[in-house]
Structures are given as C-alpha cells and as structure tokens.
Amino acid sequence: TMPVSRHTGQIPESTWTLSIREMTEPWKGAVGCLGVAVFFTMTIGIISWQALEQSPEEWVLRGRAGGMLWERRRGALVLRVLPAGRPVLAITVGSVPATEPPPPRDHCWHDGGQFCYSWEEDAELRLSLEPPTAPGTECYSVCWTPLRPDVALKVMGTPVPGSWGFGAQRDKVGSGQPAAIPQLLQALASTPCPAFVPKGVTVTVAPDVPLLLSLESHRHFCLESPAGREEPLRYLLCVSANVAAAQQHSMGSPPAGLARAPPDMALLGSPVWRYHGPEGSAAKIRRGLRSLVRRLKRHHLQEGVVALGERGTAILAAAVRPSCHPHGACGELGIANPTTPLSLLQDHVPSERRKGQEPALVEPLQLSITLSPYASITSPLFLQSLQQGETMGYWLSRQPRPGGSSIPLVTSWKGQLCARLNVTSEAALTWYLARARRLRQALGATYVIFEGVEGNSFLEQDVPPPTELAGDEYTRVLAAALATLGNGTIISAGARSSHLPLFVQMSPLRSDWSHEGLKGLIPSVLHYSLLGYNFFIPDSVGGSLAGDSKGDPELFVRWLQIVTFLPVMAFGSPPWLCCDPWVVNLTRQCLQRHRDFVVPLLLKYSEEWQSLGHPIFRPAWWLSPTDPTAFTVEDEFLIGDQVLVAPITEKGQTWRDIFLPGEGHLWLDTSSARVFDGGTILRNYSASLAEVPVFIK
C-alpha cells in the first residue's frame with residue numbers, strides 16, 4: 001500500500017516561519033524572559049508546596065507515653081514524651097540524608113511495634129516498642145547493624161534542655177573503671193531548664209555489646225562500636241515519670257532464681273588499717289604487724305582489721321610452706337603447686353592445730369590477706385605448670401593455630417610479666433579456690449581481698465578473646481566463683497555481681513582536693529550505690545595515689561568526715577603519722593559515730609535494698625526528682641531517705657551552700673538542733689574544720 005499524500009496548503013508553514021524571522025530583537029528577549037519567569041515560578045511553587053505539605057518531623061514509632069520521630073532538619077531520632085510532645089532525647093546519626101528518612105529495607109513498619117531503616121549498603125536501624133515491664137515506664141529497643149566490616153557505628157545522644165535526669169548505665173564497677181565516669185554522668189545532667197517538668201531517661205547497653213563511651217563538647221555522650229567488626233550496637237531507651245522512677249526501673253531484679261545477699265556485716269563496724277611496714281622477710285612483716293597493733297592499742301584504736309598487701313601475703317605464705325616462692329610469684333596462692341592433686345593438697349596444708357599454722361599475728365584485731373589471679377612467668381608455680389601438660393589449661397592462652405599447641409597469654413601485673421588464671425576451666429577454678437581457702441586458714445585470716453579481677457587481658461593486647469570471655473565476662477565469672485569462698489570476700493571489681501555477698505574495693509583516688517581526689521569521692525559513692533554495689537570499701541582516708549596534698553592534715557580531716565558515713569572506714573596511714581593529737585582524738589570520735597549512728601542505718605536500709613533493690617546511698621534528686629537544683633548537687637548524699645550528709649570538699653573553706661531535698665519535709669541539724677524546710681537552699685552554712693553538716697529528716 002502507498003501512504004496517503006497530505007495537502008499542506010491549509011497550514012501556513014512558510015508564513016509562520018517568515019513571521020518569526022521578521023520579529024524584532026526586543027520581542028525575542030521578552031518571550032525568553034517570560035519563559036524563564038514561568039519556570040522559576042513553577043519551581044518555587046513546587047518547593048513551597050512540599051515545605052507546607054511535608055512536616056519537618058515524622059513519627060516512626062509511637063507508644064502510650066511517648067514515641068520516636070525522625071527529624072529531617074538535622075537527621076536525628078528524637079524521643080518525645082506525650083501528650084505534650086516534649087523532646088527529652090535526640091540521637092544524631094552521622095552521614096544520614098537530612099531531607100528524607102532513608103528508605104526502609106523491609107516492611108516491618110507495618111507492624112505497629114517496629115520500624116526499620118537502612119542506608120544503602122552501610123547500616124541498618126531497627127526500632128521496636130518493648131512490652132511494658134513497670135507502670136509509668138516505656139522502653140524502646142534500638143539496634144544498629146553495620147552491613148560492611150569497614151563501617152563503624154557511632155551514636156551521639158544529646159539530653160534536651162529540661163531532661164536533667166539522664167544517665168547511661170552499665171552494671172560494672174571497680175578499679176578498672178575510669179575515675180571520671182561519675183563526673184561524666186553528672187555533666188550530662190547539669191544544664192537544667194526550669195521551663196519543663198523533667199522526665200527520667202535511661203540508656204542500658206546489653207552486656208555482650210563491645211562499647212566505647214565518650215563525652216564530646218561536655219554535651220554529647222557518644223556510644224561507638226569498634227571498627228572492623230560487624231557486630232550490632234544494641235541498647236534500650238526507657239522513659240519514666242522522673243529520674244528516681246527511671247533508676248528504680250533500671251535496677252530491676254537480680255538474675256532469675258537468685259536473691260540479693262549482703263556480705264559479712266561485721267566488717268561495717270570495723271575500721272581497716274592497711275599495713276605499709278617492712279616487707280623484706282616474714283620475720284620483718286611479723287615485727288611490723290605487732291608494732292602496728294601496739295601503736296593502735298596505745299591510741300585506743302585497737303579494733304578493726306589489719307590488711308596485708310599482696311607481696312606481704314606471698315612472703316608469709318612462703319614462710320608457712322617453703323614451696324611458696326615469694327619472689328616473682330605475682331601474689332600467687334602458695335602452699336602447693338598446681339601439679340599437685342587436690343587430694344594431696346589437703347595433706348600438705350596444715351590444719352588449725354598443726355605446727356605450720358601462723359599464730360594470731362594481729363590480736364585483738366583481725367587479719368585480711370591479698371591475692372590475685374596472676375602468676376609470674378618466672379615463678380616455680382608457672383614453670384612447673386609448663387612441664388605438666390595437663391595444667392596448661394590453668395592459664396589464659398592464645399588461640400592455637402591448626403595443629404599447634406596453646407601458648408599462655410602473657411600480660412603485665414604490677415610491673416611483672418605474668419600469666420592469668422583461666423576462669424573458663426572448671427579444674428583451674430577448683431584448684432584456685434582450694435588454694436585460697438587453705439592459705440586463709442594457714443594465715444588465720446578473716447577476710448581475703450582479691451585484686452586484679454578487672455580487665456580483659458585479650459583486648460588489652462588487641463587479641464580477639466574467646467566468645468565465653470568477651471567484654472567483661474572474665475570479671476563476672478571470677479566474681480561469681482570468689483563468692484563461693486564466703487561473705488568475707490573482697491573483690492576489686494564486679495560485673496553484674498551486685499547481688500552477690502561480696503565487698504567491692506573502690507578505685508584509688510589522688511591525695512588532693514580535685515575531682516580525681518576528694519571531690520571525686522561522693523560521685524563515686526553514688527555511682528557504685530546506684531548500680532547496686534552498696535557494700536564497698538572506699539580508698540584510704542587522704543587518698544592512696546600521689547597528689548599535691550599528701551600529708552595535708554586538713555585534707556585528712558575532711559576525707560575522714562566523709563568516710564565516717566560510708567560502709568567501711570579504711571586508713572592507709574594512721575592519723576598520728578600525719579596530724580596533731582587532736583586529729584587522733586577526732587578519729588576516735590568518728591569511729592564511735594560510725595559504729596553507733598551509721599551502722600544501724602546501713603543495716604536498716606540493707607533490708608530495703610534486698611527486697612526492693614533501692615540504693616542505700618542516694619543523690620539529692622532521689623527525694624526531689626522534679627527539682628532542677630537537685631541535679632546540680634554533686635557534694636551531698638543521702639543515707640536512705642533519712643539522713644543527709646553535706647561535707648566540705650574545698651580547701652580552706654568553713655562554710656558552704658546546702659540543698660535540702662524533699663519539698664514538704666523538715667530537716668533537723670544534728671549539731672544545732674535547728675529545723676529547716678525541705679526544697680530550700682541554706683546559703684553560707686557554717687562548718688568548721690571539726691564539723692560536718694548532717695541533717696535528719
């Protein structure tokens with residue numbers, strides 16, 4: 001077929017072309033400008049329509065008490081509290097498109113309890129609303145998952161003004177913890193805004209999650225996962241009516257089937273005198289201990305416990321049994337070597353009436369000894385274990401190569417190269433605990449202090465740890481094993497161990513007035529107690545680390561006044577070595593006040609801790625959870641709800657401002673018998689060097 005021809009005479013193509021060609025130049029410019037104007041008008045209209053129609057925030061998960069929103073402007077997740085919709089926390093995520101929520105990876109948003117995001121091939125976010133566990137508290141599970149090994153996850157949380165009661169919690173305390181952590185958490189809560197009623201927000205990180213915690217610009221706290229590991233960063237965000245309610249919810253209950261148990265409460269009324277005398281030989285140690293006891297008797301301070309350090313313990317152990325080599329043993333548990341069967345160990349250890357037992361060294365005081373899970377690589381204990389293949393499993397080892405044998409993981413402890421007890425071996429733990437019991441019996445010790453419980457030896461050397469020792473599992477497992485030795489056991493660190501009948505030795509502090517010294521004592525006390533570790537032994541009066549004020553009598557007195565109201569009073573050096581006789585007399589008075597006034601309070605509130613999990617030592621905001629002033633107080637503490645202690649922590653100062661919490665309550669000054677209203681501030685309240693302000697509600 002042929003195409004039909006079209007007659008074009010009716011369309012004036014040539015005339016139209018001619019007309020365009022004959023247009024003048026000004027007309028051409030006008031038409032061009034009109035086109036440009038129409039284009040820009042349409043563009044601005046579309047943008048304006050999008051701005052009006054599209055909200056700057058989008059709900060991604062909504063519960064009864066609050067919900068999570070995506071804020072487009074800064075690319076952040078915002079936790080808001082209903083019904084007012086006030087924000088209490090913003091989580092800023094780096095490298096996130098700020099104009100649109102990232103496209104969901106799957107359809108989990110159709111489920112009202114979950115919402116999912118993914119960023120191409122970088123990372124995935126999954127939010128879920130958790131079932132309610134307590135009235136008035138709502139929790140959101142947050143899980144960030146890297147999709148490539150080279151992706152490092154870093155989440156920065158910003159407490160919004162008005163949400164002063166914010167804290168990040170992880171149940172881990174001890175000498176391995178940086179002393180700045182209590183101040184770090186306090187700094188997050190020190191910018192109140194009186195326009196809002198505060199809420200309590202807690203961030204709980206799963207114990208098996210590798211975590212780096214930092215504080216940036218004194219405003220943003222950052223949770224970061226180590227790079228190169230495709231492991232999720234998981235945490236739980238919970239919102240409660242106020243910070244006190246949030247704290248009570250976060251403590252929850254002990255592990256299933258377990259109850260909270262207190263340690264030996266007899267230690268509460270017993271001061272601890274740490275021995276720092278000669279340690280050249282067992283004979284010198286015995287003479288030094290007897291000399292210390294005589295001087296304590298002379299000053300009418302002959303009650304309490306004399307604490308022998310790790311080296312002194314090893315030397316005395318070697319004197320009991322020659323097989324216990326004191327030099328290069330890293331405080332190893334003497335009496336026998338690990339190659340000896342446990343049945344033979346019993347024959348080698350003297351019983352209470354056998355000739356080999358140490359006589360009572362410190363009567364009428366009690367003795368505590370110090371051990372650790374380390375053994376020097378030059379000690380007979382360790383060398384003999386290398387010759388006996390069946391005991392190689394007693395020490396932490398590197399993962400063997402295919403076809404190879406395991407190699408002990410060598411680490412540093414007190415300046416020596418040491419091997420560390422393998423707590424994943426039941427045989428090693430049984431052997432270790434048996435040696436500890438026998439050494440305690442042989443030396444006649446009432447208490448045993450275990451140092452070196454903290455830390456992950458694998459991570460310290462950048463060696464991947466076995467799965468069963470990831471994170472702080474070494475601390476948790478060893479603490480649980482040591483609890484079987486009895487309630488007279490003292491450990492240097494704990495991890496999810498607050499329900500166990502153990503004392504915890506607090507981190508050492510500097511001998512000065514700084515936040516690494518005296519000013520850091522009360523924040524540390526509250527940090528331990530809020531995590532459930534109420535039975536702690538503070539650092540020695542005056543601090544044990546070198547500082548600018550070593551031997552300062554004023555520092556000693558102000559330190560003494562604080563520890564009078566703590567569970568145990570510990571002394572590194574007796575008061576007669578640093579101070580005038582009046583300070584020795586003041587020490588006797590403080591010890592008497594501790595026994596008569598403080599110990600009964602601790603016994604009373606320990607029952608509340610056992611049944612409800614409430615801390616014994618409480619911050620001011622515990623009684624004033626909606627008062628913005630309470631969140632700025634870092635130098636006061638409560639014993640239960642009954643007693644407020646407000647000591648002096650500034651050098652040369654004999655007055656201070658005191659915040660009395662609990663509006664509607666009345667507070668009685670124990671020194672002057674004056675009564676004041678709660679919820680008020682006492683300005684320039686007098687406190688001489690011999691006084692510490694104490695109030696009873």
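So here's what we get for this one:
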{"item": "Other-chain or far-sequence residues with amide H under 5 Å of PHE450's (modelled H)", "result": "LEU371, ILE490, ILE491, SER492"}
{"item": "C-alpha center-to-center spacing [region 663-697, region 299-320] in angstrom", "result": "41 Å"}
{"item": "Karplus-derived HN-Hα couplings along region 478-493 (A = 6.51, B = -1.76, C = 1.60, θ = phi - 60°), whole Hz, x at Gly and Pro", "result": "5, 4, 5, 5, 5, 4, 6, 6, x, 7, x, 9, 10, 10, 8, 6"}
{"item": "Integer Hz, Karplus 6.51/-1.76/1.60 couplings in order for region 675-687, x for Gly and Pro", "result": "10, 10, 7, x, x, 10, 10, 8, 8, 6, 6, 6, 7"}
{"item": "Gap separating the Cα centres of region 586-601 and region 538-583, nearest whole Å", "result": "16 Å"}
{"item": "Karplus (6.51, -1.76, 1.60) ³J(HN,Hα), θ = phi - 60°, over region 599-609, in Hz, Gly and Pro reported as x", "result": "4, x, 5, 5, 5, 5, 7, 5, 5, 5, 5"}
{"item": "FRET E, pair TRP655, VAL463, Förster distance 51 Å, beta-carbon r, rounded to 0.05", "result": "0.40"}
{"item": "Inter-probe distance in nm under a simple model that places probes 7 Å from Cα toward Cβ, at ALA690 and LEU82", "result": "6.2 nm"}
{"item": "Anisotropy class of region 476-522 from Cα gyration tensor, a/c 1.5 cut", "result": "prolate"}
{"item": "Ranked by how many other beta carbons lie within 10 Å on average, peptides 280-292, 657-669, 476-488 from highest", "result": "476-488, 657-669, 280-292"}
{"item": "Three-way shape label, region 472-551, alpha-carbon gyration tensor, a/c 1.5", "result": "prolate"}
{"item": "5 angstrom amide H check on LEU61, placed H, neighbours 5+ away", "result": "MET68"}
{"item": "Region 401-472 and region 499-537: distance between their alpha carbon centers, rounded to Å", "result": "25 Å"}
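Every read-out reported here was derived from the displayed coordinates using simple, explicitly stated rules and does not represent laboratory data. Small disclaimer: the values here were computed from a predicted structure and weren't measured. We place every Cβ from the backbone using ideal geometry, glycine too, and count neighbours over all the protein chains shown.
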